[in-house]
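This report concerns only the one structure given below.
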Amino acid sequence: DIHMTQSPSSLSASAGDRVIITCRASQSMSNYLSWYQHKPGTAPKLLIYAASSLESGVPSRFSGSASGTEFTLTIDSLQPVDFATYYCQQTYSTPWTFGQGTKVEVK
Amino acid sequence: VQLLQSGGGLVQPGGSLRLFCAASGFTFNSYSMSWVRQAAGKGLEWVSIISDDGTATYYADSVMGRFTISRDNSKKTVSLQMNSLRVEDTAIYYCASPRGGYCSGSSCHGQGFNSWGQGTLVTVSS
């Protein structure tokens, strides 16, 4: 199984900040990496797929990048609606494992 | 695109429950379908996936041998039969559809879940 190590587990930030969240895969998995935003009481929302492709309708302040087995989600100029928990997920091979999540909280 | 879930509820340990997910707005038989769950205070956990034609199924180790995923392409539905339920299966369960991919041999490959059901709570408790 591919294990995803996501960091940090939580962070405090202010509106306007740049936020960077990282996921490291335990083995090579090409670009089969997605990022989700999850708010309580709602279904997760796909932000980024194929490591760096922006899902339709998602603001351009969200971006993804990859370097080997390390993947990064960047939120430029954090907005109040962006305070949520973010997850990475590998979909290269089953089981399609998620990272542990990063809770982005108000500083 | 809409995924409408039903089923769920309260069941005793060792009991069974079946979840349903009805799809609309897309070519259902062209996409694999999956279930994801989240226990209270925990992260997202992938549970299972079924190929577009229903011939291949895959499971997380935590539910292998107890849960069965199936689909009916004529009715555009996917279900999750959960047997021998444990307290630790208590969670909100989501059905989800990936934006693309395929299942071949021992695995599935995809590109993120872009469609999700509304979630349904399963509580396993005596």
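The values are calculated or read from the model by the stated rules, or taken from the named source; none is laboratory data. Every value quoted in this text rests on a predicted model; they were computed, and no experiment measured them. So basically every Cβ, Gly included, is an ideal-geometry build from the backbone, and we count neighbours across all protein chains shown.
List of remarks:
- Unique residue being without any contact (Cβ under 8 Å) to a residue 40 or more places away in the chain and charged (D, E, K, R) when the list is A:107, A:45: A:45
- Any hit, the range A:47-55, residues being surrounded by fewer than 15 Cβ atoms within 10 Å (Cβ to Cβ) and β-branched (Val, Ile, Thr): no
- Of all residues in the range A:58-96 being at the interface with another protein chain (Cβ under 10 Å from one of its Cβ atoms) and more than 15 Å from residue B:111 (Cβ to Cβ), the one that is nearest to the chain's Cα centre (by Cα): A:87
- As a summary of the residue check, residue B:68 satisfies the conditions (1) buried (at least 16 other Cβ atoms within 10 Å of the Cβ); (2) free of Cβ contacts under 8 Å to residues at least 40 places away in the same chain; (3) hydroxyl-bearing (Ser, Thr, Tyr); (4) facing chain A (nearest Cβ under 10 Å) except for the one numbered (4).
- The set of residues in the range A:21-57 being more than 10 Å from every other protein chain (Cβ to nearest Cβ) and closer than 14 Å to residue A:99 by Cβ consists of A:21, A:22, A:23, A:24, A:25, A:26, A:37.
- With respect to the conditions (1) surrounded by fewer than 18 Cβ atoms within 10 Å (Cβ to Cβ); (2) touching a residue at least 40 places away in the same chain (Cβ under 8 Å), residue A:86 lacks only one, and its number is (1).
- Test result for residue B:89, of a type outside the set (A, V, I, L, M) and over 14 Å from the mean Cα position of the chain (by Cα): no
- Residue-level check: of (1) of a type outside the set (D, E, K, R); (2) within 9 Å of chain A (Cβ to nearest Cβ); (3) surrounded by 22 or more Cβ atoms within 10 Å (Cβ to Cβ), residue B:78 misses just (2).
- Hits in the range B:30-46 - residues which are assigned to a loop (DSSP other than H, G, I, E, B) and either surrounded by 19 or more Cβ atoms within 10 Å (Cβ to Cβ) or touching a Lys or Arg at 6+ places or on another chain (Cβ under 8 Å) (or both): B:31, B:32
- Checked against (1) part of a loop (DSSP other than H, G, I, E, B); (2) touching a strand residue (DSSP E or B) at 6+ places or on another chain (Cβ under 7 Å); (3) in contact (Cβ under 8 Å) with a residue 12 or more places away in the chain, residue A:15 passes all but a single condition, namely (2).
- Every test in (1) surrounded by 13 or more Cβ atoms within 10 Å (Cβ to Cβ); (2) modelled with pLDDT of 95 or more is passed by residue A:29 save one, and that test is (2).
- Taking the conditions (1) within 14 Å of chain A (Cβ to nearest Cβ); (2) modelled with pLDDT under 95 in turn, residue B:57 satisfies each one other than (2).
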